[in-house]
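Presented below is the structure to which this report refers.
The values are calculated or read from the model by the stated rules, or taken from the named source; none is laboratory data. Computed from a prediction, not measured in an experiment: that's the story for all the values here. Neighbour counts are summed over all protein chains in view; Cβ atoms, including those assigned to glycine, are modelled from backbone coordinates with ideal geometry. Note: areas computed on protein heavy atoms with side chains; ligands, DNA, RNA excluded. Shrake-Rupley method; radii C 1.70, N 1.55, O 1.52, S 1.80 Å.
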Amino acid sequence: MKKFTALAMAALSLSAFASEEAPDMGNPTEVYTYLGASYGSEGANLKGMMALSEDKGEFDQKTGILFEVKNIFNEGDKTPKFGGIQYGQYPDGSIGPVGTKTKGYASNRSYRLRYGTINTKNGLGFSVDAVFADHPFFGSTSVIQAGPVATIPVGEDILIWPILYVGAVIMDDNIQDLNPEWPDSSSSGVDIASTIGTAMVYAKWTISDNWWTLASYRYTMELNGKSWDDDVMEGGLQMDAYEFEISLAYQLTKKQNVRAYYSTAKDDSYWLEYNYAF
């Protein structure tokens, strides 16, 4: 009974921010309150959005915060986490690096927060996107970017949204692990590994009243600092520079849909998702 009461109160609090009109659930810049859950090759995921403002006032501006947790239960094979260079004695008696140490395993779970605002008259907006994950070599990693978005209609059934982001990669400062004999010069415990830029585009095709598809393509590169996609042994961050994602959705009702996803991330992944708008 207590669980039912808590769920009911949560639903009522979300409904307070709900739009009276049915939202366009296939529009990646639409602002409305919803929850979604999915499961696939990379485990269970949860996402949702809280609408912070309604489409009112002279500026016709809508604002919201999106959150996402991927691989909630941290499923899948874990990657050993780098714990420093191990030193030992060579046959000639000298001392030098003989291997690496590990300190547990990197988590497969990741988190995303995105703040966005959109003008419903001209389709122009701005968003701040932050992804938090665990890197096997650098430890806790944050990728924080911000930039503008535009809405471009192509005919009656196709919409395109180009996005340009600029930001930074913030990581644990593990330089001391590379050579324990170096003086400890770290003061903050974090390191801005790179400044980066991302070009991204979404495209939606409305197939019918109930069917639509949404595709996205992303390219990320370093502007300064460590290379985004080079291997760690080559001084890079070893991230995916390119990512393509596509989903096919069926609108069950005006406020419910199911989607099938495919992504090139993590050597191809797929999942099935259900979304409910309040």
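Give me a count of the residues in the stretch 232-247 that are open to solvent by 70 Å² or more (accessible area, probe 1.4 Å), of a type outside the set (A, V, I, L, M, F, W, C) and closer than 28 Å to Y261 by Cβ. Reasoning before the result, please.
If we filter the stretch 232-247 for residues that are open to solvent by 70 Å² or more (accessible area, probe 1.4 Å), which is where we start, we get 233-234, 238, 240, 242, 244.
From the residues that got through so far, the ones that are of a type outside the set (A, V, I, L, M, F, W, C) too are 234, 238, 240, 242.
Next, only the ones that are closer than 28 Å to Y261 by Cβ stay: 238, 240, 242.
The total comes to 3.
Which number in (1) in a loop (DSSP other than H, G, I, E, B); (2) modelled with pLDDT under 95 marks the one condition that S53 misses?
Answer for S53: the failing condition is (1).
Somewhere in the stretch 21-41, is a residue open to solvent by 60 Å² or more (accessible area, probe 1.4 Å), modelled with pLDDT under 95 and more than 28 Å from L248 (Cβ to Cβ)?
The answer is no; no qualifying residue exists.
Has the stretch 248-263 got at least one residue that is of a type in the set (S, T, N, Q) and either part of a loop (DSSP other than H, G, I, E, B) or modelled with pLDDT under 95 (or both)?
Within the stretch 248-263 (the criterion being of a type in the set (S, T, N, Q) and either part of a loop (DSSP other than H, G, I, E, B) or modelled with pLDDT under 95 (or both)), the answer is no, since none of the residues qualifies.
Among the residues that make up the stretch 65-84, is at least one of them in contact with a Lys or Arg (Cβ under 8 Å, 6 or more places away or on another chain), at pLDDT below 85 and not in a helix (DSSP H, G or I)?
Yes; the residues of the stretch 65-84 include at least one that is in contact with a Lys or Arg (Cβ under 8 Å, 6 or more places away or on another chain), at pLDDT below 85 and not in a helix (DSSP H, G or I).
Scan the stretch 154-171 residue by residue and report those that are in contact with an Asp or Glu (Cβ under 7 Å, 6 or more places away or on another chain) and closer than 14 Å to Y219 by Cα.
Within the stretch 154-171, Y165 is the sole residue that qualifies.
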